[in-house]
There are 2 protein chains.
Amino acid sequence: MIPDAIQKFIAVFEKLPPFGPRTATRLAFHLTSLDRSTLETLIAGLSGLKEIDRCPRCFFLKERRARTCAICAAPARNPRAIALVEKDTDIISLERTGRWKGHYLVFGELPEHGVLETSHRLRLATLAKRIADELGGKADELVLALNPTAFGDFAADLIAREFSDKAIKISRLGRGIPTGGEIEFADEETLGQALERRT
Amino acid sequence: MIPDAIQKFIAVFEKLPPFGPRTATRLAFHLTSLDRSTLETLIAGLSGLKEIDRCPRCFFLKERRARTCAICAAPARNPRAIALVEKDTDIISLERTGRWKGHYLVFGELPEHGVLETSHRLRLATLAKRIADELGGKADELVLALNPTAFGDFAADLIAREFSDKAIKISRLGRGIPTGGEIEFADEETLGQALERRT
């Protein structure tokens, strides 16, 4: 009873993260009410993503036609300071602060079980090679910007040991009470860390 | 810093109902992590919607190449009983009950101010013509399946008057306490309607 094209749309879109069957259905009906040119704009927007791939140097997203990502290509940034993050969106968050002027390595999300996988190993290997080839074997700073979770801590310790001779300084993000937060509502672990790392 | 193609994607998708800037951004990054063929499937799904237009008889969605929608074309359905609904998704909801075997007219959503617009007028005119041409001037039943709101009631009264000589029976959907609902939690208006319409 629902036209095929709509059923097909729902079938493929309902599997995407923000959607379920209901949202995908609502979106399908909404889209059919749009004029043709708006639909064409959406199709172009989606098709445009085919022009995205990953930077061979830091694995952040880049335009297919570009050699590296915009961050690796920016002359004003310091390639001797490297922040290791789990995912692309972490870069977006860090860039939004305007406080990091170094480069990055997108490491890949840490698996639930905490053990590094081959993909993580390969990216660490390219990082080691990058430090060897471009920075004479030693970076100024390596910030292990992994999430402050048990697995993040575990992986960070491991990477810190492996890279101990490849960076002058190895750091992690500060940990404590969020700005604007209240001591009363901080959990014990956070408060403990805030105490230990008091400045 | 974010590749152009991703910014363009976000710019067009963030305007769609289920999205905001954050959801559109998250979706964009998720999509870049998919393999090429999944992305192609999504593009095909979205492009497929170009093959949808509206049934000239009841204004429900149909395949562009089909003359009418699947409901109007179904031989087992009764064309002498017509349910007037506001929107496509109301048809989906009614069809899901499996209790309506008649045809439909998609009337268009009622505006906030309650006054019928030209588009509603035009669709009512095609309904009148359909009753005249196909049903010899009189339908068996016209169900005014508009929402049970003040504007829905107002429009229904108006349409009922206009079509009083064009249908043997003009009805509205039953109104009362939802199945599974509790009297204690029903608002006064609903409870009042339930009393008045007791069966």
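The values are calculated or read from the model by the stated rules, or taken from the named source; none is laboratory data. Being a predicted model, the structure only gives us computed values, none of them experimental. Every residue, glycine among them, receives a Cβ derived from its backbone with ideal geometry; neighbour counts consider all protein chains shown. With ligands, DNA and RNA removed, areas are computed over all heavy atoms of the protein, side chains included. Shrake-Rupley method; radii C 1.70, N 1.55, O 1.52, S 1.80 Å.
Grab the beta carbon distance between residue B:78 and residue B:198, set R0 = 51 Å, and tell me the FRET efficiency rounded to 0.05.
E(calc), rounded to 0.05, equals 0.95.
Taking a label point 7 Å out from Cα toward Cβ, give me the nm distances from residue A:101 to the same spot in the other copies, shortest first, one decimal.
Its label point is 7.8 nm from the equivalent points in the other copies.
Using the Karplus curve 6.51 cos²θ - 1.76 cosθ + 1.60 with θ = phi - 60°, what ³J(HN,Hα) values do you get for each residue of the stretch A:79-86, in whole Hz, with x for Gly and Pro?
Here the 3J(HN,Hα) series is x, 7, 10, 10, 9, 9, 10, 6 Hz.
Summed for both chains, how many Å² of accessible area, to the nearest 100, are buried between B and A with a 1.4 Å probe?
4300 Å²
Counting heavy atoms of the protein chains only and a 1.4 Å probe, report the per residue accessible area for chain B as a whole number of Å².
55 Å²
So, with a 1.4 angstrom probe, what is the percent of accessible area on the stretch B:74-172 that is carbon and sulfur?
Of the solvent-accessible surface of the stretch B:74-172, carbon and sulfur hold 56 percent.
Roughly how crowded by other chains is peptide B:31-43, in terms of the mean Cβ count from those chains within 10 Å of each of its Cβ atoms?
Averaged over the peptide's residues, the number is 4.
Using just the helices of chain B, give the 222 nm mean residue ellipticity in deg cm²/dmol: DSSP H runs with n ≥ 4 each add -39,500 (n - 2.57), and the total is spread over all residues, rounded to 500.
My calculation for chain B gives -13500 deg cm²/dmol from helical runs alone.
Can you tell me what share of the DSSP beta bridges in the protein assembly as shown is antiparallel? A percent to the nearest 5 is fine.
15 percent
For the stretch B:46-199, give the share of DSSP beta bridges that are antiparallel, in percent and rounded to the nearest 5; count only bridges with both residues there.
Percentage antiparallel, nearest 5: 15.
Beyond 32 Å, what share of the Cα-Cα pairs of the protein assembly as shown remains, rounded to the nearest whole percent?
55 percent
Find every distance from the label point of residue B:134 to the corresponding label point in the other copies (7 Å from Cα along Cα→Cβ) and write them in nm, one decimal, shortest first.
When each copy's label point is compared with this one, the spacings are 6.7 nm.
Loop-only check: which trypsin sites (Lys or Arg not before Pro) in the stretch A:148-199 are DSSP coil with at most 11 other Cβ within 10 angstrom?
Filter output for the stretch A:148-199: A:197, A:198.
For residue B:62, which sequence-distant residues (separation of 5 or more, or a different chain) have an amide H within less than 5 Å of its own amide H, given hydrogens modelled in the peptide plane?
Here the answer is B:53, B:54, B:55, since their amide H atoms fall under 5 Å of that of residue B:62.
In Å, the Kirkwood hydrodynamic radius of the stretch A:64-172 over pairs of distinct alpha carbons?
14.3 Å
Taking a point 7 angstrom from the Cα of residue B:7 along the C-beta vector, which residues in the stretch A:47-65 have backbone N less than 14 Å away?
Backbone N within reach: A:62-63.
May I ask you to list, by number, the DSSP H helices of chain B whose Cα span along the axis is at least 30 Å and whose average Kyte-Doolittle hydropathy reaches -0.5 or more?
The answer is none, since no helix passes both cut-offs.
Alpha carbons only, please: Rg and Dmax for the stretch B:15-129, in angstrom.
18.4, 53
Where nothing but the Cβ of Lys and Arg (+1) and of Asp and Glu (-1) is charged, how large is the charge dipole of the stretch A:55-104 around its Cα centre, in debye to the nearest 20?
Value, rounded to 20: 240 debye.
What is the spin-label model distance, in nm, from residue A:168 to residue A:135 if the labels are put 7 Å beyond Cα along the C-beta direction?
1.1 nm
How far apart, in nm, are two points set 7 Å out from the Cα along the Cα-to-Cβ line at residue B:158 and at residue A:50?
4.8 nm
With r defined as the distance between the Cβ atoms of residue A:117 and residue B:126 and R0 fixed at 35 Å, what FRET efficiency is calculated, to the nearest 0.05?
Efficiency for this residue pair is about 0.05.
For the stretch A:8-48 and the stretch A:117-167, what is the separation of their Cα centres, given in Å?
Here the two parts' Cα centres lie 40 Å apart.
Can you pull out the trypsin sites (Lys or Arg not before Pro) in the stretch B:64-111 whose DSSP state is coil and whose Cβ has at most 13 other Cβ atoms within 10 Å?
B:64, B:65, B:67, B:99, B:101
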